[in-house]
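The values are calculated or read from the model by the stated rules, or taken from the named source; none is laboratory data. Note that the structure is predicted; figures quoted are calculated from it, not measured. Here the Cβ is made from the backbone with ideal geometry for all residues, glycine too, and neighbour counts use every protein chain on show. Accessible surface areas use protein heavy atoms only, side chains included; no ligands, DNA or RNA. Shrake-Rupley method; radii C 1.70, N 1.55, O 1.52, S 1.80 Å.
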Amino acid sequence: MKRGKFIVIEGIDQSGKKTQSLLLKNRLKKKGYKVGYISFPKYNTTIGKLIRKCLRDDKISVEISHILLSANRWEAEKEIRQLLEEMDFLVCNRYRDSNIAYGLANGLNKRWLENLDLGLPKQDLTILIDIPITESVIRKTENRDRYERNKKFLNNVKSKYNKLASKDRWFKIKGDRSKDEVSSEIWKIVEKKYRIKKG
């Protein structure tokens, strides 16, 4: 069965994932494609509300946090499969690999983290938006969660993301530029990979 192409945008906090995911979705739509969009974590679900609490409460174990983050994706499994069946493209702001990058930075076992999401649909393309930690801090100065507040931890996450990108051959782009420059580079990647006609 033909299914839509599943594109995931990854990166540390405040790297511009949501902005770029939506820009890509809109650009594909303008080309006449049917495009779905999904973003994780989905805070409006039962599990999503627990995740929000985890991000504010240091007393909750990291294992529980990562189990909940995975469960949040499982909550959306049917939605993901339906979108892939109905759409030409599905653009996703964060997916399984965010759990791995943050989990590894939290000292958790990679295989254990991977097994949490075993069986979920796999993405076809991953694009990592890489920004300096200083840029993440500048972009959000208030109401930062427990991960966002910890610069050392974020730096570790950035390192894990870069290792994953290298090992799994993701596309990596510099995110500390104007949103139009970043969007243009993402578009070139998608345009070339999926042979989208210019004009």
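Residues in the stretch 70-117 that are open to solvent by 60 Å² or more (accessible area, probe 1.4 Å) and part of a helix (DSSP H, G or I): Trp74, Glu75, Lys78, Glu79, Arg81, Gln82, Glu85, Glu86, Arg111, Trp112, Glu114, Asn115. The residues of the stretch 165-199 that are open to solvent by 40 Å² or more (accessible area, probe 1.4 Å), among the acidic types (Asp, Glu) and at pLDDT 95 or above, listed by number, are Asp180, Glu181, Glu185. Scanning for something of a type in the set (Val, Ile, Thr) and modelled with pLDDT of 95 or more, does the stretch 48-65 turn up at least one residue? No: zero hits.
Consider Ser61 against the criteria (1) within 22 Å of Leu164 (Cβ to Cβ); (2) of a type in the set (Ser, Thr, Tyr); (3) open to solvent by 10 Å² or more (accessible area, probe 1.4 Å): it satisfies all of them except one. Which criterion is unmet? Unmet for Ser61, out of (1) within 22 Å of Leu164 (Cβ to Cβ); (2) of a type in the set (Ser, Thr, Tyr); (3) open to solvent by 10 Å² or more (accessible area, probe 1.4 Å): (1). Scan the stretch 64-82 and give yes if some residue there is touching a residue at least 40 places away in the same chain (Cβ under 8 Å) and touching a strand residue (DSSP E or B) at 6+ places or on another chain (Cβ under 8 Å), otherwise no. The answer is yes, given that some residue of the stretch 64-82 is touching a residue at least 40 places away in the same chain (Cβ under 8 Å) and touching a strand residue (DSSP E or B) at 6+ places or on another chain (Cβ under 8 Å).
Lys29 meets all of the listed conditions (1) of a type in the set (D, E, K, R); (2) at pLDDT 95 or above; (3) loosely packed, with under 14 Cβ neighbours inside 10 Å but one, namely (3). Checked against (1) of a type outside the set (Gly, Ala, Ser); (2) surrounded by fewer than 19 Cβ atoms within 10 Å (Cβ to Cβ); (3) free of Cβ contacts under 8 Å to residues at least 60 places away in the same chain; (4) within 16 Å of Ile127 (Cβ to Cβ), Val35 meets all criteria but (2). Out of all the residues in the stretch 39-48, is one or more assigned to a helix (DSSP H, G or I), touching a Leu at 6+ places or on another chain (Cβ under 6 Å) and hydroxyl-bearing (Ser, Thr, Tyr)? Scanning the stretch 39-48, I find no residue that is assigned to a helix (DSSP H, G or I), touching a Leu at 6+ places or on another chain (Cβ under 6 Å) and hydroxyl-bearing (Ser, Thr, Tyr), so the answer is no.
Look at the stretch 161-179: where a residue is without any contact (Cβ under 8 Å) to a residue 60 or more places away in the chain and a partner is surrounded by 12 or more Cβ atoms within 10 Å (Cβ to Cβ) and part of a helix (DSSP H, G or I), sitting 6+ places away or on another chain with Cβ atoms under 6 Å, you get Phe171/Ile189; Lys172/Ala165; Ile173/Glu185; Asp176/Glu135. Assess whether Asp13 counts as being farther than 20 Å from Ile129 by Cα and acidic (Asp, Glu). It is false that Asp13 is farther than 20 Å from Ile129 by Cα and acidic (Asp, Glu).
Here the stretch 118-152 is the region considered, the condition is being among the aliphatic types (A, V, I, L, M), open to solvent by less than 50 Å² (accessible area, probe 1.4 Å) and assigned to a helix (DSSP H, G or I), and the residue that is modelled with the lowest pLDDT is Val137. Can you tell me how many residues in the stretch 1-26 are part of a loop (DSSP other than H, G, I, E, B) and either open to solvent by 70 Å² or more (accessible area, probe 1.4 Å) or more than 19 Å from Lys179 (Cα to Cα) (or both)? Residues that pass the stated criteria total 4.
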